[in-house]
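The values are calculated or read from the model by the stated rules, or taken from the named source; none is laboratory data. What you see is a predicted model; the values in this text were computed from it and never measured. We place every Cβ from the backbone using ideal geometry, glycine too, and count neighbours over all the protein chains shown. Heavy atoms of the whole protein, side chains included, go into the accessibility calculation; ligands, DNA and RNA do not. Shrake-Rupley method; radii C 1.70, N 1.55, O 1.52, S 1.80 Å.
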Amino acid sequence: MNNPKVARIIAAVVIAMLVITLAAALFGCSASKPATSAPSTDPDSGLAVVAVAGLPQEAQQGDERYYTDDHYKSFRRIAADGGTPND
């Protein structure tokens, strides 16, 4: 870069992009799940509660009470009424 003014503008833009990226990472900005989909916790077991409609088709049949989608690393309690966890 032979033009110092252009170099300063480019540097400012790069720094601004880095700051925005860092802020998003620090504050958990993610598009993977809507904020309203956070499961509630079952008071008896302490496990997260998931609605039946939030399960894969095969898990929606046969009186399942607990569900894991990560090969038994964690479990979620299935809402007994089949509604949403906040019902």
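Side notes on the structure shown:
- Candidates Val50, Val14 - the one that is modelled with pLDDT under 85, of a type in the set (Val, Ile, Thr) and open to solvent by less than 100 Å² (accessible area, probe 1.4 Å): Val50
- All told, Thr41 meets the bar of being at pLDDT 85 or above, open to solvent by 70 Å² or more (accessible area, probe 1.4 Å) and under 20 Å from the mean Cα position of the chain (by Cα).
- The range 61-87, residues that are at pLDDT 80 or above, open to solvent by 70 Å² or more (accessible area, probe 1.4 Å) and not hydroxyl-bearing (Ser, Thr, Tyr): Asp69, His71, Lys73, Phe75
- Residues satisfying the criterion are absent from the range 17-35 (criterion: aliphatic (A, V, I, L, M), touching a helix residue (DSSP H, G or I) at 6+ places or on another chain (Cβ under 8 Å), open to solvent by less than 100 Å² (accessible area, probe 1.4 Å) and at pLDDT 80 or above).
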